[in-house]
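Worksheet for the structure shown next.
Read-outs throughout are calculated quantities, based only on the coordinates presented, and are distinct from any laboratory measurement. Remember, it's a predicted structure, so these values are computed and weren't measured experimentally. Because the Cβ atoms are built from the backbone with ideal geometry, glycine has one as well, and the counts that use them run over all protein chains shown.
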Amino acid sequence: MTFVGWLQIAILFALVALSAPPLGAFMARVFQGERTFLHPVLLPIERTFYRVAGIDPAKGQDWRAYTIAMLLFSFIAFLVLYAMLRLQAVMPLNPAGLGPVSPDLAFNTAVSFVTNTNWQSYGGETTMSHLSQMAGLTVQNFVSAAVGIALALALTRAFAKSQSRDLGNFWVDVTRCVLYVLLPLSIVMALALVLLGVPQTLLAAAKVTTLEGAEQTLAMGPVASQLAIKQLGTNGGGFFNVNSAHPFENPNAWTNIIQTWAIIALPFALALTFGRMVGDKRQGLALAAVMAVLLSAATGAAYWAEAAGNPIVAASGIETAPGNMEGKEVRFSVASSALWAAATTGASNGSVNAMHASFTPLGGLVPLFMIQLGEVLPGGVGSGLYGIVIFAILTVFVAGLMVGRTPEYLGKKIGAKEMKLAVLAILILPVAILGFTAIAASLDVGRVGPVNAGPHGYAEILYAFSSAAGNNGSAFAGLTANTPFYNVLLGIAMLLGRFAYIIPMMAIAGAIAPKIKASPAAGTFPTHGGLFVGLVIGVIIIMGGLQFFPALALGPIVEHFMMHAGKTF
């Protein structure tokens, strides 16, 4: 590990710390219906949309109506995207003449982008037409991210209001999120990326002459526009097969730091938005502190593991001073690769600038465990916020047991119903991850997927279902997943990870909203100080360890000891 490496990491965290407060304040104003500097331009467009769609923006929804609207919207989005992929060959903007996407891959991809997972069992430049990329995948990058933020807003209002069943209006929240937050930021970021060398063209490819004098065809397309929202919306789906390791998606150090910032900026800002909307900025700061502490620890652990290198490689006489450079781009350092790995899995983004399968065993364990912790560090846009609030509810319950008091969070009593729903939501991830991993590892059709044998091959399967159920989308880059078995099973895991978690979460919001919001009393457990932050961190780590340590012991942990014993598969 080097000073320059730590400086790169520190600069990124400093940029996030500087940008999150104004972004959080701006989003709070937008979602509370207050006027911003964008309203003179965008308000007429917003009102026109409501008028055409027949939406009354002043009409609120209870949790059932809000959830049904979300499910209906997501189902229609799935059908439209699935049809577009199946009919790709006969649709315009297909300069490469690509054929239709197979039924199982179209199902997997449509589910993936609608659930904000962006798992890719395909090579983007060889499978998807420009129209599929722009009107299909990129559109879902916007709206699936907006759905996540809208759901977080509904839960926030449940704590902000007293004796009210009104959680807001789903259609209004999604519209404002896209119009005032995601679209303006994406336009600015896309322009910056084009300026820094990222392509934005409708050409299919360009022919170039290599240094050896040979001719090479380079795939191209509207990359910058998809790249911006892929990061800002914590989507992660790349235009190219190797994602942000591709020089057209991530050509230099400047694009690398901009994209890393974009992955985690909005999730951190939304925690501060939460504090403003519930009327106590300290509450948002406490949740952001939990996110920052654990993300920093994960980054440090991954950096340490990768900087240490591979002793088997060192024993062969190869220079290992730069650390473990296998699977990494030489234009990015080990520090930048480790930071990206922790950020992309902590933020439910899933994009990669290095191949996680080529990390050292403990280096690869970090992104895997970050997904399994629930991806709340800082989590996806929206999903990270409502996920960490669920952990906060569990924490006040544990604290209440310690001192013999009824658990309370933000002035709302937490009863048996809320706790049962919170536990149900928390259990979705381990059931889907471990259950489907067991199925795949037990069947011949599943075991033919991993490229490697032994614990690393098992880790490839475990990572795939962790990524799918966690709605992350990154891969260990060693699993042949484009088969009917994996496409369908991973698609089901994505659906469970998104909607089986959302429904009990929204039921919690529906149960909390009508309760009286009490003022803090002398015996109220404070949920904005260091003690609460420490307790939430402990609950998150203990829950993750209890659920997944045995599974991790069979994969990355045993592989670590085998590596130091000089054994490979």
### Task
Step through the residues of the stretch 331-336 one at a time and calculate ³J(HN,Hα) from phi using the Karplus curve (6.51 cos²θ - 1.76 cosθ + 1.60, θ = phi - 60°), rounding each to whole Hz and writing x for Gly and Pro.
7, 10, 7, 4, 4, 5
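What FRET efficiency do you get for Ile439 and Phe75 if R0 is 25 Å and r is their Cβ-Cβ distance, rounded to the nearest 0.05? Walk me through the numbers on the way to the answer.
Working: r = 26 Å, r/R0 = 1.03.
With a Förster radius of 25 Å, E is 0.45.
Just want the ordering: Ser144, Ser74, Ser102, from fewest to most Cβ atoms lying within 10 Å of their own Cβ. Walk me through the numbers on the way to the answer.
Values: Ser144 27, Ser74 21, Ser102 17.
Ordered from fewest to most neighbouring Cβ atoms within 10 Å, Ser144, Ser74, Ser102 come out as Ser102, Ser74, Ser144.
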### Debye, to nearest 20: dipole size of the chain, +1 on Lys, Arg Cβ, -1 on Asp, Glu Cβ
1900
### Task
Treat each spin label as a single point 7 Å out from the Cα along the C-beta direction, and report the Thr48 to Ala314 distance in nm.
6.4
## Note on the structure
One finds the C-alpha centres of the stretch 114-161 and the stretch 228-265 to be spaced, in Å, by 15
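For the stretch 1-122, divide the Cα radius of gyration by the Kirkwood radius and give the resulting Rg/Rh value with two decimals.
Working: Rg = 21.3 Å, Rh = 19.2 Å.
With Rh from the inverse mean 1/r over Cα pairs, Rg/Rh is 1.11.
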### Candidate lysines - alpha carbon under 25 Å from Lys281, same-chain residues fewer than 8 apart omitted
Lys161, Lys412, Lys413, Lys515, Lys517
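Take every Cα-Cα pair in the stretch 426-569 and report what % of them are more than 21 Å apart. Kindly include the intermediate steps, with their values, before the conclusion.
Details: 5772 of 10296 pairs.
Every Cα pair in the stretch 426-569 considered, those over 21 Å come to 56 percent.
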#### Entry: Under the Karplus curve 6.51 cos²θ - 1.76 cosθ + 1.60, θ = phi - 60°, whole-Hz ³J(HN,Hα) for the stretch 361-375, x wherever Gly or Pro sits
x, 6, x, x, 5, 4, x, 5, 6, 4, 5, 5, 6, x, 6
### Pair-distance profile P(r), taking every C-alpha pair of the stretch 32-266, with 10 angstrom steps and integer %
7, 29, 33, 21, 8, 2, 1, 0
### Query
Across the stretch 480-492, in residue order, what do the Karplus-derived ³J(HN,Hα) couplings come to in whole Hz, using 6.51 cos²θ - 1.76 cosθ + 1.60 with θ = phi - 60° and x for Gly and Pro?
7, 9, 7, 10, x, 4, 6, 4, 6, 5, 5, x, 5
## Note on the structure
The distance between the Cα centres of the stretch 301-326 and the stretch 407-422, in whole Å, is 48
### Pairwise Cα inverse-distance average, inverted: Kirkwood Rh of the stretch 523-567 (Å)
13.0
### Query
Arranged by the count of other C-beta atoms within 10 angstrom, fewest first, what order do Thr483, Thr255, Thr36 take?
Thr36, Thr483, Thr255
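I need to check one value: relative contact order of the chain, counting alpha carbon pairs closer than 8 Å and at least 6 residues apart, in percent. Kindly include the intermediate steps, with their values, before the conclusion.
On the way: 1022 pairs, mean separation 109.0, N = 569.
The value is 19 percent.
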### Query
In the neighborhood of Gly470, defined by Cβ-to-Cβ distances under 11 Å, what is the net charge if each Lys or Arg adds +1 and each Asp or Glu adds -1?
0
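Please give the net charge around Pro407, taking every other residue with its beta carbon less than 12 angstrom from that of Pro407, where Lys and Arg add +1 and Asp and Glu add -1. Each step should come with its number before you reach the end.
Values: positive: Arg405, Lys412, Lys413; negative: Glu408, Glu418.
That works out to +1.
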### Query
In nanometres, what is the gap between the two model label sites at Met1 and Leu554, each 7 Å from Cα along Cα-to-Cβ?
3.2
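Let me have the 222 nm mean residue ellipticity of the chain computed from DSSP H runs of 4+ only, each contributing -39500 (n - 2.57), with the sum over all residues rounded to the nearest 500. Let's see the in-between values first.
Numbers: 22 runs with 341 residues, N = 569.
Taken over the chain, the calculation gives -19500 deg cm²/dmol.
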#### Entry: Ordering of 306-314, 198-206 by burial proxy (mean other Cβ atoms within 10 Å per residue, highest first)
306-314, 198-206
### Query
In what order do Trp261, Trp63, Trp6 fall by count of nearby beta-carbon atoms within 10 Å, going from fewest to most?
Trp6, Trp261, Trp63
### Task
Can you check what the net charge comes to around Phe359, using other residues whose Cβ is under 13 Å from the Cβ of Phe359 (Lys, Arg +1; Asp, Glu -1)?
-3
### Summary
With the stretch 490-545 reduced to its Cα atoms and the Debye formula applied, log10 I(q)/I(0) at q = 0.16, 0.24, 0.30, 0.31 1/Å amounts to -0.85, -1.01, -1.00, -1.01
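Want the number for Leu203 to Lys417: 0.36 nm per residue separation, take away the alpha-carbon distance, what's left?
Numbers: separation 214, 0.36 × 214 = 77.04 nm, distance 5.58 nm.
Fully extending the segment from Leu203 to Lys417 adds 71.5 nm.
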#### Entry: Cα extents of the chain along the three principal axes, largest first (Å)
72, 56, 47
### Task
Would you mind pulling out the separation of the Cα centroids of the stretch 15-84 and the stretch 472-522, in Å?
20
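Could you state, as a whole-number percent, how many of the C-alpha pairs of the stretch 312-445 are farther apart than 24 Å? Before the final figure, lay out each step's value.
Working: 4448 of 8911 pairs.
Of all Cα-Cα pairs in the stretch 312-445, 50 percent lie more than 24 Å apart.
Could you give the C-alpha radius of gyration of the stretch 283-564 expressed as a fraction of 2.2 N^0.38 Å, taking N as the number of residues it contains?
Details: Rg = 20.0 Å, N = 282, 2.2 N^0.38 = 18.8 Å.
Compared with the compact-globule rule of thumb, the stretch 283-564 sits at 1.07.
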### Task
Determine, for each peptide in 228-238, 133-143, 525-535, the mean count of other beta carbons within 10 angstrom over its residues, then list the peptides with the highest first.
228-238, 133-143, 525-535
